[in-house]
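Down below is the structure, laid out as C-alpha cells.
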Amino acid sequence: MLSLVHLKVLAAVARHGSVTEAARELHYTQPSVSHHLSRLEAATGVKLVQRVGRGIRLTPEGRLLANRATEIVGRVDAATNELAAQVGLRTGRVRLAANASMLSTIVPKAAAALDQAYPGLELILIERHPVEALQMLRQGEIDVALIFRYADAPVEEEGFRLVHIGDDPIYLVSQRPDDSIANHRHSAWIGGCERCQNELITLCRQEGLLGPPPIDRAGVEREGAAHE
C-alpha cells in the first residue's frame, strides 16, 4: 500500500530535483529522504529514481507517480483546510490565483469581506492565467482559482468544484452611435491572450467579417488517397 508520507517525499524530490532540497523543505535528513524513496520503490516494485552524476533524476515511472503524488498530497491538504474551516478555525492561510483584471476588481472587495469575517486568515494572492491557475489548483499549490471562460468554451474537466460568480457582457466601444462589429471589417484589432483571440474571431465570424474555419485539406486528401 502506498504511504502518504512516501508520496509527499517523492513530490518534494520531483519539485526540487534534489534530495538535499527536498530534505530541507520537509525538515528531514537526506538519509531519511533516501530511505522513504527506497521504501516507495519497494512498495511499487519499480525504479523511481536513478543516479545522474552526483544528483538524481526521476525515471518515467517516477515522474508519472510524482505527478499523481502532487495531486494527492494537494487534495489531502485541501481537505484538511476545509475540515478545519468547517469546525470554526479562525487562523490559517488561503492561496488564491487569478488574472490581473480580477485581482484589481473582484478580489479587493472579497479580500476586505474575508478580513472582516476572519481577521486571522492570511490571504496570499498569485497572478496566473486561468489555465495555469487550474493546474496549480489540481496540484494543491493554491486553494482557490478565480477564472473566466467564454460562453461557448468547454466546461473545465472534472475534479473541480465550480461556483458561478457572474457574467460579463462584451461591448464595442466606439465614437460612432449605433456602431457594430460588422462596420469594422478593415479595422485593426488587439487580440489579447489565446482565449481572447479565439473569442474575438468567433464574434467576427458571427458578424460575417470572416469566413468559416479553414478545412483540413490535407486530411481530406489523405482520406481520398485511402480510397484509391
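Every read-out reported here was derived from the displayed coordinates using simple, explicitly stated rules and does not represent laboratory data. All of these numbers come straight from a predicted model, not from anything done at the bench. Methodologically, a virtual Cβ is constructed for each residue, glycine included, from the backbone with ideal geometry; neighbour enumeration extends over all protein chains shown.
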*asked:* To check my understanding: the extent here is largest minus smallest coordinate of the Cα atoms along each principal axis. What are those three numbers for the stretch 50-144, in Å, largest first?
replied: 52, 34, 22
*5 angstrom amide H check on GLY92, placed H, neighbours 5+ away*: GLU122
*Quick one: net charge of ARG57's neighbours, Cβ under 15 Å, K/R +1, D/E -1?*
+2
*Which ³J(HN,Hα) values, rounded to whole Hz and listed in residue order, are derived for the stretch 16-32 from phi using the Karplus coefficients 6.51, -1.76 and 1.60 in 6.51 cos²θ - 1.76 cosθ + 1.60 with θ = phi - 60°, glycine and proline given as x?*
9, x, 7, 5, 4, 5, 5, 5, 5, 5, 8, 6, 10, 8, 4, x, 5
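Report the convex hull volume per residue for the stretch 22-69, counting only C-alpha atoms, in Å³.
Details: hull volume 3.9 nm³, N = 48.
About 81 Å³ per residue, rounded to a whole number.
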_Could you compute Rg(Cα) / (2.2 N^0.38 Å) for the stretch 1-109, with N its residue count?_
1.33
*Ordered by residue, what ³J(HN,Hα) values in Hz, to whole numbers, does the stretch 33-44 give under the Karplus form 6.51 cos²θ - 1.76 cosθ + 1.60, where θ = phi - 60° and Gly and Pro are x?*
4, 4, 5, 5, 5, 5, 5, 5, 5, 5, 6, 8
*What list of ³J(HN,Hα) couplings, whole Hz, do you get for the stretch 68-78 from phi and the Karplus terms 6.51, -1.76, 1.60, once you set θ to phi - 60° and write x for glycine and proline?*
5, 4, 4, 5, 5, 4, x, 6, 5, 4, 5
*Grab the Cα-Cα distance for ALA79 and GLN50, subtract it from 0.36 nm times how many residues apart they are, and report the gain in nm with one decimal.*
7.1 nm
